[in-house]
Each structure stands twice: as structure tokens, then as C-alpha cells.
Amino acid sequence: MNSSFFKLNRSFFLILFFFGCNYKTKNLELNKIEIETTNLQEGMVWVENKVFLQGAKESDTYAMHREMPSHKVKTDGFFIDETEVTNKQFKVFVDATNYKTVAEREIDWEIMKKNLPPNTPKPHDSILQPGSLIFNENIDVIPNMKNYGLWWTWKIGANWKHPEGFNSSIEEKDNFPVVHIALEDALAYCKWANRRLPTEAEWEAAALGKNTSTIYTWGNDLNKLNKNANTWQGIFPVFNSSEDGFSYIAPVKSYPSNSIGLYDMIGNVWELTSDLFNPNYYKELDTSNIINNPKGADKSFSPNNTFGVENVMKGGSFLCHASYCASFRISAKMGVSQDSGSDHMGFRTVVTKEMLAYKKKNTLHNREL
């Protein structure tokens with residue numbers, strides 16, 4: 001297994017392409033509102049308060065240093081989307097707001113170069129066009145598995161509506177995860193929907209379901225992977241035998257849910273979290289006591305992307321294989337540049353009872369005015 005960091009950096013790959021690559025209750029009315037918000041939210045699953053083991057499990061032979069040491073954390077209860085946000089759901093948001101994603105916007109070189117090494121030459125204007133990263137399906141051989149740029153390519157015209165470029169579409173793909181979503185896009189959706197991104201700890205709590213220390217969402221048996229998740233089988237990245245039923249991205253709910261009714265927490269597409277990525281974060285924690293509702297590292301750090309800011313993404317994708325990242329595990333994580341999206345990364349959202357109560361109280365207050 002290659003333990004090098006797998007990064008998705010929009011700026012880096014464009015250059016590579018060019019050069020060769022408290023709220024606090026105060027009255028009985030609000031108490032009533034909070035009680036009402038415990039009711040199930042449509043399309044979401046309630047995750048109970050829980051204490052669990054975050055990070056690499058002792059028996060996990062694929063565990064990486066950035067997942068260590070494991071440590072006990074406590075998360076308060078929250079609702080989480082039962083699936084990744086779908087094309088259909090994202091389209092409702094776009095239709096309501098006329099929002100344009102990062103991948104659809106004209107590229108501002110003055111902004112982009114801030115995430116690149118000093119004195120990086122400006123690409124030709126014909127290259128500096130709206131687009132995103134897609135998996136390069138036309139690969140026959142990989143001479144160096146450390147050079148992940150060989151199986152990624154910058155595709156002009158690729159975005160959430162055109163996942164593979166101008167000539168592709170999401171027609172008849174309403175129930176597929178929305179992809180080519182950068183952090184800014186996910187946060188805009190969250191603001192509109194009165195949601196937020198999960199923390200890494202919340203994401204792991206949800207993925208574990210009723211369990212507290214398993215490697216996978218279904219338990220500890222790797223042999224059940226193909227029946228439970230959309231990942232890569234065969235020889236990565238040149239041949240996918242599709243033993244799990246799909247060669248690439250799959251519709252949501254194509255595989256069984258975990259023990260609390262959540263789908264695709266492993267495989268299909270990576271999922272953004274609100275935590276900043278720092279491979280040293282766990283090592284710097286005080287693990288002598290249970291950590292309550294951790295929010296992640298204070299500062300982003302990535303040895304392979306010293307000029308950009310990265311967030312943690314979780315869950316792995318249809319590209320995950322044991323020979324490379326083996327990120328089909330709950331504790332697995334990677335960093336993704338905040339300005340970057342791709343065809344194997346999406347997101348799901350969470351909401352707390354406090355957030356719902358606050359919104360309902362404001363709605364009632366506005367009606368009284």
C-alpha cells in the first residue's frame with residue numbers, strides 16, 4: 001500500500017495540465033420548540049449522543065499515521081443526511097438562488113496563484129478556463145504510483161451539471177451524488193438549507209452507527225467490502241473488474257445502509273467535513289480524557305500542499321483500492337484544497353436541535369412583526 005498523501009488541488013492540476021502535465025433557552029415557548037425538533041427530519045437520520053473511539057483501530061492493518069493515535073471522543077446528538085447530497089437536491093438550491101459553483105466560474109489568476117509556489121508561470125488563457133478534475137479512464141500503465149497526476153486530468157467544462165465535461169450531463173441522474181463541489185459551494189448550500197458540514201468526529205460517529213470501535217460501517221470483516229460499498233476492484237488505476245456492480249460513481253442507496261440507516265458512508269464519493277486537515281492533529285491531542293465535540297486542527301497543514309488550505313474529507317470513493325489508499329475505512333482521511341472539486345468528491349450535511357430551534361424561533365418572531 002502506498003502511504004503517500006493523495007491530494008486534490010485545483011490550482012496544482014491546472015498548472016500540471018498546462019506544463020505536462022449559546023443559543024440558550026430562555027422561556028417555555030423555546031423549550032417547546034426544542035422538543036418538537038427531536039422529530040425526524042425528512043431525509044435525515046438522528047445520531048444519538050455517544051462516546052466512541054476515533055481514529056485508527058488496533059486491528060486495522062491499513063491504518064496510516066495521520067489516523068493515529070486513536071482516542072475517545074464524545075459527540076452530542078445531531079441529524080445527518082441519510083445519503084450524500086444528490087444532483088436533484090443541489091439543483092433545487094441552484095434554481096432557488098442562481099448560485100454558480102467554483103468550477104463554473106471564470107478563473108482569476110491573481111487569486112489562483114496564491115495557492116501555488118512563488119513565481120509559478122501563468123498558463124495560457126486557453127487553459128485558464130472554468131473546469132474541474134476528473135479521473136483519467138484512458139490509462140494503460142502507471143510507472144510510478146506516487147505520481148497521482150497520471151490518473152487525474154484537468155477537464156475544461158467539467159462541473160456539477162457536466163461531470164465529465166461539456167458533452168456530459170446529469171440527465172436521468174437525479175439520485176447520483178452531486179460532485180465537482182468545492183468547500184465554498186458546500187457551505188453555500190448549507191447556509192441556504194440551514195445546515196452545516198459535519199465535523200470529522202461527527203462524521204465518524206454517524207458512520208459507526210450503533211457501533212463504537214469498528215473499522216468499517218458493517219463491522220471488521222474486510223471480505224464484506226464489495227457487498228457494502230462502491231470501491232475499486234482489480235488493478236488500480238488501470239483496470240476495474242467492477243465486482244461490486246459499478247465501475248465508477250453509483251446512485252445513492254445502491255448498497256445496504258449501516259446500522260442506523262445511513263448510506264454510502266464508505267465508498268462512492270469522498271465527503272467534505274468542516275475540520276482543517278493536519279496529519280499531526282491527533283498526535284498533538286491530550287488523550288488522557290474523553291474529548292468533547294472536537295472541531296479539528298486549529299491550522300491547516302499539508303506537507304504536499306504548503307501554499308494552500310485543506311479540509312478533511314472522509315469515507316473514500318469508487319477509486320479506493322487496497323494497493324493505494326485503502327480509504328474504505330471509517331478512520332481514513334485525506335486533505336483536499338478548499339478551492340478544489342472533482343468527480344469523486346461530494347458532501348452531506350448535518351443539523352442540530354439547537355439550529356432547528358433557533359430557526360423556528362426566528363420564524364415565529366418574524367411572523368409576529
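The number of residues in segment 335-348 that are surrounded by fewer than 24 Cβ atoms within 10 Å (Cβ to Cβ) and polar (S, T, N, Q) comes to 1. Scanning segment 320-345 for residues that are in contact with a helix residue (DSSP H, G or I) (Cβ under 9 Å, 6 or more places away or on another chain) and farther than 26 Å from residue 105 by Cβ gives 322, 324, 328, 329, 330, 331, 332, 333.
Scanning segment 120-140 for residues that are of a type in the set (S, T, N, Q), under 18 Å from residue 106 (Cα atoms) and in a loop (DSSP other than H, G, I, E, B) returns 126, 129.
If you go through segment 179-196 and keep only what is surrounded by fewer than 22 Cβ atoms within 10 Å (Cβ to Cβ) and aliphatic (A, V, I, L, M), you end up with 187, 188, 193.
One residue alone among 290, 266 is of a type outside the set (Gly, Ala, Ser) and buried (at least 20 other Cβ atoms within 10 Å of the Cβ), and that residue is 266. Inclusion of residue 109 among residues that are more than 28 Å from residue 315 (Cβ to Cβ) and at pLDDT 65 or above is warranted. Applying the criterion of being in a strand (DSSP E or B) and of a type in the set (Gly, Ala, Ser) to the residues of segment 200-236, the residue that is farthest from the chain's Cα centre (by Cα) is 234. Cβ-Cβ distances below 7 Å connect the following pairs, each with a first residue in segment 68-80 that is of a type in the set (Asp, Glu), a second residue that is surrounded by fewer than 19 Cβ atoms within 10 Å (Cβ to Cβ), and a separation of six or more residues or different chains: 76/49; 76/293.
State all residues of segment 141-171 that are under 18 Å from residue 320 (Cα atoms), in a loop (DSSP other than H, G, I, E, B) and not polar (S, T, N, Q); if no residue qualifies, say none. Before you say what the answer is, go through the steps one by one.
Just the residues of segment 141-171 that are under 18 Å from residue 320 (Cα atoms), to begin with: 141-142, 144-153.
Subsequent filtering for residues that are in a loop (DSSP other than H, G, I, E, B) retains 141-142, 144-147.
The answer is 141, 142, 145, 146.
Only one of 61, 38 is assigned to a loop (DSSP other than H, G, I, E, B) and modelled with pLDDT under 95. Can you tell me which?
Numbers: 61 fails: modelled with pLDDT under 95.
When all the criteria are applied, what remains is 38.
With the condition kept exactly as written, say whether any residue in segment 215-232 is touching an Asp or Glu at 6+ places or on another chain (Cβ under 9 Å), surrounded by 15 or more Cβ atoms within 10 Å (Cβ to Cβ), more than 16 Å from residue 135 (Cβ to Cβ) and among the β-branched types (Val, Ile, Thr). Taking every residue of segment 215-232 in turn, at least one turns out to be touching an Asp or Glu at 6+ places or on another chain (Cβ under 9 Å), surrounded by 15 or more Cβ atoms within 10 Å (Cβ to Cβ), more than 16 Å from residue 135 (Cβ to Cβ) and among the β-branched types (Val, Ile, Thr).
What's the total number of residues in segment 64-119 that are assigned to a helix (DSSP H, G or I), of a type in the set (Val, Ile, Thr) and either surrounded by 15 or more Cβ atoms within 10 Å (Cβ to Cβ) or in contact with a Cys (Cβ under 6 Å, 6 or more places away or on another chain) (or both)? Summing the residues that are assigned to a helix (DSSP H, G or I), of a type in the set (Val, Ile, Thr) and either surrounded by 15 or more Cβ atoms within 10 Å (Cβ to Cβ) or in contact with a Cys (Cβ under 6 Å, 6 or more places away or on another chain) (or both) in segment 64-119 gives 2.
Residues that are over 28 Å from residue 282 (Cβ atoms) and among the basic types (Lys, Arg) within segment 158-202 comprise 161, 173, 191, listed in sequence order. Considering the conditions (1) buried (at least 17 other Cβ atoms within 10 Å of the Cβ); (2) farther than 30 Å from residue 78 by Cβ; (3) among the polar types (S, T, N, Q), residue 136 is excluded by exactly one of them, (1).
The values are calculated or read from the model by the stated rules, or taken from the named source; none is laboratory data. These figures come from a predicted structure and were not determined experimentally. All Cβ positions, glycine included, derive from the backbone under ideal geometry; neighbour counts span all protein chains shown.
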